[in-house]
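What follows is a set of notes on a single structure, which appears directly below.
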Amino acid sequence: MTLLAGCRRGMLATLLILLLATGCAGAGVPDSELRAVMSALGPTPMIVGLQQQERWLLQGRPGAEQLKIALDEGLPAVLVAAGPDSFMAGHQVNLHLLAVPYLTWRWKMAPHKGPYHPVRIAVGFADAGGEGGRIPAARRVLELVWSDKALRRGFMDAPRDGATARYVVRGGEEALGRQWEEGMDLVTLHDLAWPGVSTSRTRIVFVAVHAATYDGPPPAPAALISDINLLR
């Protein structure tokens, strides 16, 4: 079964957790369905291991078919599809990088054009702060991306002038349509992207899925994401 065919079998989870983010009414998404989808992002199937004090994060306005619960090989996952406007969905956190240096997740990617798949994992970093429960604003963003070429695996597209850093986790047409379980050492990746910034004062301030802008012909590139987790 293809990725997109499996996504058509997806169904929205009915959960009773209230949406904690503000300003999250997505164009084309009824409020009740959006609450169900965002609630389902954690603790499963997309984001696990979160604490109650952590906050939902939704930036942008995903359409009705861009962010929803789907079944992948009989298991729930989150379908994330790119579109004309970018969006990001996940959680704000306030955790020391050295305390939770490992990030794991599962993904299955549909075909795409261009060097990077528009759906990727994003991690925000800030310098030490956030006392009293306040989450500092992200100063550095790392995106974990899928490339069109398998040989680019392990390549860091270093940031310039405050731009986003991109690290190629996997890629290539031969790996599309298959579920992959990934694990990354965020300390090592932070050092590669920002070699002059000490990780001893760095905090993780959000973990999310980012769907970048896609203005090409249909179907829009999509991915199935699940089990995002920060670990010691």
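Residues that are of a type in the set (A, V, I, L, M) and surrounded by fewer than 21 Cβ atoms within 10 Å (Cβ to Cβ) were ranked within region 170-192; the one that is nearest to LEU95 (Cα to Cα) is VAL187. Within region 152-169, being at pLDDT 95 or above and surrounded by fewer than 13 Cβ atoms within 10 Å (Cβ to Cβ) holds for one residue alone: GLY154.
Just one of the listed residues (ALA138, ALA126) is more than 11 Å from the chain's Cα centre (by Cα), under 13 Å from ARG203 (Cα atoms) and surrounded by 19 or more Cβ atoms within 10 Å (Cβ to Cβ), namely ALA126.
Note on region 175-232: among residues that are in contact with a Pro (Cβ under 6 Å, 6 or more places away or on another chain) and among the hydroxyl-bearing types (Ser, Thr, Tyr), the one that is farthest from ILE135 (Cα to Cα) is TYR214. Set side by side, the residues HIS112, HIS91 differ, and just one is buried (at least 19 other Cβ atoms within 10 Å of the Cβ) and assigned to a loop (DSSP other than H, G, I, E, B), which is HIS112.
Tell me, which strands (runs of 3 or more DSSP E) wholly within region 148-232 include 1 or more residues that are β-branched (Val, Ile, Thr) and touching a strand residue (DSSP E or B) at 6+ places or on another chain (Cβ under 8 Å)? Don't jump to the end; show me each part of the working.
On the way: elements: 165-171, 180-185, 202-211, 222-231.
So the answer is 165-171, 202-211, 222-231.
The values are calculated or read from the model by the stated rules, or taken from the named source; none is laboratory data. The model shown is predicted, which means the values in this text are computed figures rather than measured ones. Positions of Cβ are generated from backbone atoms using ideal geometry, with glycine treated the same way; all protein chains shown enter the neighbour counts.
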